[in-house]
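A.B. asks: First, the structure itself, so that you have it in front of you.
The values are calculated or read from the model by the stated rules, or taken from the named source; none is laboratory data. Because the structure is predicted, anything quoted here is derived from the model rather than measured. Here the Cβ positions follow ideal geometry from the backbone for every residue, glycine too, while neighbour counts run over all protein chains shown.
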Amino acid sequence: MRDRRPLIIVAAAVVVAAALGAAFALGVFRSDAERATDAVTELMESYTVPVAGEDGEEPEDAAWPAADYGDAATMELLQKFGVNADEWHRHCFGNFSYEMGEAVVEGDSATVNVTVTNASLASAVNAAGADFTSFSATQESQDTYAQGGKAALFGYLVQRVYAHLDANESPVTTTVGVPCAKGEDGGWEPQVSGNETFFSALYGGSNVVAGLAAPAEGDAAAEAGPAA
């Protein structure tokens, strides 16, 4: 009778190899620092505006949109004037990029360094405010106000913000430490809710957590209407 032991050994080796491959794929053997880095990388990807393919469709597996843009106070103001949140964020993050850095783990806490580069939202808003000041002295602003009222003037202001963001006139690079916490299942979760430093870095050094001051000034300009 033929000895079947070599076949059994080979089969067992195949099973073990498959199990190891699955374990590596699932990250079973990855260190806590690597897992924390993976979690922050996934977070940062959610702020990366997806690029549409030749068919005009965006990838179905794109991480966008992010769960938290940190700008609830700012959006509360903007949405009163009909600003679409997705369109606003796409312009805010149209020039966003990041590089992952070192992760430091201490027990169930970790800090993952990320270097972020993005157009400055505050600078874009200030530049748009200057545009609005010049625009308000023109006949065009009078016509715009007559046709659409204060909402139309605010719409002009927002479009100027978009133009300055898209032009990437004032890119800012910031390195920020992203705090993470280890869950009971061993997974890592970034802890960024309400983190002014983190969200300021995302928006090119602009504090949106507290409510960006410049849009409020733009709102005041819109409320004032065109210059007589």
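A.B. asks: Counting just the residues of the stretch 112-167 that are among the acidic types (D, E) and under 27 Å from the mean Cα position of the chain (by Cα), which one comes out surrounded by the fewest Cβ atoms within 10 Å (Cβ to Cβ)? Please lay out each step first, then the result.
C.D. replies: Taking the stretch 112-167 and keeping what is among the acidic types (D, E), we get 131, 140, 143, 166.
Next, from what is left, pick out any that are under 27 Å from the mean Cα position of the chain (by Cα): 131, 166.
Working: D131: 17, D166: 14.
Here the answer is D166.
A.B. asks: If you don't mind, another one. Which one is farthest from T115 (Cα to Cα), of the residues in the stretch 170-206 that are among the β-branched types (V, I, T) and not in a loop (DSSP other than H, G, I, E, B)? It would help to see each step written out before you state the result.
C.D. replies: Going residue by residue through the stretch 170-206, those that are among the β-branched types (V, I, T) are 172-176, 178, 192, 197.
Next cut, not in a loop (DSSP other than H, G, I, E, B) only: 172-176, 178, 197.
Working: V172: 10, T173: 7, T174: 6, T175: 4, V176: 6, V178: 10, T197: 12 Å.
Here the answer is T197.
A.B. asks: Ok, one more. Taking the stretch 119-160 only, how many residues are of a type outside the set (A, V, I, L, M) and touching a Cys at 6+ places or on another chain (Cβ under 8 Å)? Quick ask: steps written out before the conclusion?
C.D. replies: At the first step, the residues of the stretch 119-160 found to be of a type outside the set (A, V, I, L, M) are 120, 123, 126, 129, 131-136, 138-145, 147-150, 154-156, 159-160.
Then keep just the ones that are touching a Cys at 6+ places or on another chain (Cβ under 8 Å); that gives none.
Counting residues in the stretch 119-160 that are of a type outside the set (A, V, I, L, M) and touching a Cys at 6+ places or on another chain (Cβ under 8 Å) gives 0.
A.B. asks: What tally of residues in the stretch 51-97 results from selecting those that are of a type outside the set (G, A, S) and in a loop (DSSP other than H, G, I, E, B)? Talk me through it step by step, then tell me what you get.
C.D. replies: So in the stretch 51-97, the residues of a type outside the set (G, A, S) come out as 51, 54-55, 57-61, 64-65, 68-69, 71, 74-81, 83-84, 86-93, 95-96.
If we keep only those that are in a loop (DSSP other than H, G, I, E, B) too, we end up with 51, 54-55, 57-61, 64-65, 68-69, 71, 80-81, 83-84, 93, 95-96.
Within the stretch 51-97, residues that are of a type outside the set (G, A, S) and in a loop (DSSP other than H, G, I, E, B) number 20.
A.B. asks: State all residues of the stretch 148-169 that are in contact with a Ser or Thr (Cβ under 8 Å, 6 or more places away or on another chain), outside any loop (DSSP other than H, G, I, E, B) and touching a residue at least 24 places away in the same chain (Cβ under 8 Å); if no residue qualifies, say none. Before you say what the answer is, go through the steps one by one.
C.D. replies: Step one: filter the stretch 148-169 for residues in contact with a Ser or Thr (Cβ under 8 Å, 6 or more places away or on another chain), giving 152-153, 156, 164, 169.
Then keep just the ones that are outside any loop (DSSP other than H, G, I, E, B); that gives 152-153, 156, 164.
Scanning the stretch 148-169 gives L153, Y156, H164.
A.B. asks: I need a count of the residues in the stretch 179-228 that are small (G, A, S) and modelled with pLDDT of 90 or more.
C.D. replies: Step one: filter the stretch 179-228 for residues small (G, A, S), giving 181, 183, 186-187, 193-194, 200-201, 204-206, 210-211, 213-214, 216, 218, 220-222, 224-225, 227-228.
Applying the additional criterion that residues be modelled with pLDDT of 90 or more yields 181, 183, 186-187, 193-194, 200-201, 204-206.
Residues flagged as small (G, A, S) and modelled with pLDDT of 90 or more within the stretch 179-228 amount to 11.
A.B. asks: Shifting gears a bit: Would you check which residues across the stretch 124-134 are of a type in the set (G, A, S) and farther than 10 Å from V161 by Cβ and list them?
C.D. replies: Initial filter on the stretch 124-134 (of a type in the set (G, A, S)): 124, 127-130, 134.
Passing the criteria: A130, S134.
A.B. asks: Also, I was wondering about something else. Could you tell me how many of the residues in the stretch 97-129 are out of contact with any Lys or Arg (no Cβ under 8 Å at 6 or more places or on another chain), small (G, A, S) and farther than 26 Å from G183 by Cβ?
C.D. replies: 7
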